[in-house]
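Values quoted throughout were computed directly from the atomic coordinates according to the rules given, and no laboratory measurement underlies them. A quick note: this is a predicted structure, and the numbers were derived from the prediction, not measured. Positions of Cβ are generated from backbone atoms using ideal geometry, with glycine treated the same way; all protein chains shown enter the neighbour counts.
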There are 2 protein chains.
Amino acid sequence: MQDKITRVLKAIADPTRREIFHALVVASAAMPITQISGQFQISRQGVTKHLRTLEDAGLIHINSKGRERYCFADAEPLKEVNHWLKFYERFWDDSLNNLGTYLDQPS
Amino acid sequence: MQDKITRVLKAIADPTRREIFHALVVASAAMPITQISGQFQISRQGVTKHLRTLEDAGLIHINSKGRERYCFADAEPLKEVNHWLKFYERFWDDSLNNLGTYLDQPS
DNA sequence: TTAATATGCAACTATATGGTTGCAAATATA
DNA sequence: TATATTTGCAACCATATAGTTGCATATTAA
């Protein structure tokens, strides 16, 4: 399949998935799927698909209990995104650097 | 269209685009499209499409000079991703918190 | 036992995505 | 001027994505 970081980035690249993930994080409690999907306009099945994507990225975990499936957030995979970002940190402040590069073009 | 942060996340969610962006960052010099595409296996047009996506996200800027178009990286939009991540920072360390949540399920 | 609830699976649709190729136009070079 | 180079545009293709609906199944509650 895909790279781990690619899975995580694709997972959080969708606004609805970011909302679902956020809801689970701030809830700080495991929630069954129906309860989660009740907070969104899209169908339960739509939410379920997003949950699977989040699960594949490791951003949530699901645990069955009776007929219900409890989902809870796990922010740990975001560490890797943070690490990826860290390399570029030194570049996003010096806009002057970019400007310099721009001015460095052959004329 | 889309949210700014969504555009940025979608842009970096593709491995080829991350490579292109990285190449431009470390080059720390503006490069014409043909020169960039020479570093990748996919066609020039394929690269051009990725460059447009990166440009829409603000991760590169393009400047025409004669028949050439010079591209250079701009890491600034990554700040917003960093800011989004920052909120979750406090959650990704305490795996115990997640475990607690897990154990908090009704029985 | 019967009814309600929570879920998964499958099929389907529309659109986005990552890639290709062919061709035309603009610019630079011989 | 004739030729080579850099690029954009457009059409096309295969697959992925975000969403839907219908139905079957398992579990819980009346």
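Here are some notes:
- Spatial separation of Cα centroids for segment A:1-62 and segment B:64-96, in angstrom: 22 Å
- Between copies, the label points at A:R52 (set 7 angstrom from Cα along Cα-to-Cβ) are spaced 3.1 nm, reported in nanometres from shortest to longest.
- For B:H22, the point set 7 Å out from Cα toward Cβ sits 3.0 nm from its twins in the other copies, listed from shortest up.
- Chain B, rotation onto A, residue closest to that axis via Cβ, with its distance in Å: B:A13, 2
- Sequence-separation-based contact order of chain A, relative, with Cα cut under 8 Å and 6+ spacing, percent: 27 percent
- Cα-based shape type of segment A:4-103, given that a ≥ b ≥ c are square roots of the gyration tensor eigenvalues and the cut on a/c is 1.5: prolate
- Label spacing, shortest first and in nm, from A:M1 to its equivalents in the remaining copies (7 angstrom along Cα→Cβ): 3.0
- Considering helices alone, the calculated mean residue ellipticity of chain A at 222 nm is -17000 deg cm²/dmol, with DSSP H runs of length four and up weighted by -39500 (n - 2.57) and normalised per residue.
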